[in-house]
């Protein structure tokens, strides 16, 4: 085991390490996480250790605030498939209601434009319909 591997392994066991904080925060934010040791290259290391271990864990903004900003940026970039993940997680965590998801789409439409907001609206309605179907199946 190299020194770097040993440092990373120790980092996942130390609950105060960026790696452990990042994995825990990613799990909290999305309901899933990834193990950077299972994916080649440094990209996932930086995502987990820095983005989730250092940025998303800062106390100045809560998860809902960060999520709404992220939704806005992703919508402006036309990344509807990533907005879908955000809407799903926000609804599952109780950060947004279905009406608030729809209101977010309407608000963003006026800033990002109708062509981009069309994709955002499609994923919002897809997420809401999937939620309703799941609730119906469970009852």
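The values are calculated or read from the model by the stated rules, or taken from the named source; none is laboratory data. The structure displayed is predicted, hence computed values, not measured ones. So basically every Cβ, Gly included, is an ideal-geometry build from the backbone, and we count neighbours across all protein chains shown.
Annotations
- When 74, 61 are checked against the criterion of being at pLDDT 95 or above and closer than 19 Å to residue 21 by Cα, a single residue qualifies: 61.
- Given (1) assigned to a loop (DSSP other than H, G, I, E, B); (2) crowded, with 18+ Cβ neighbours inside 10 Å, index of the condition residue 19 fails: (1)
- The set of residues in the range 28-47 being closer than 24 Å to residue 63 by Cβ, over 12 Å from the mean Cα position of the chain (by Cα) and outside any loop (DSSP other than H, G, I, E, B) consists of 36, 43, 44, 45, 46.
- Any chance residue 80 is more than 12 Å from the chain's Cα centre (by Cα) and under 15 Å from residue 125 (Cα atoms): yes
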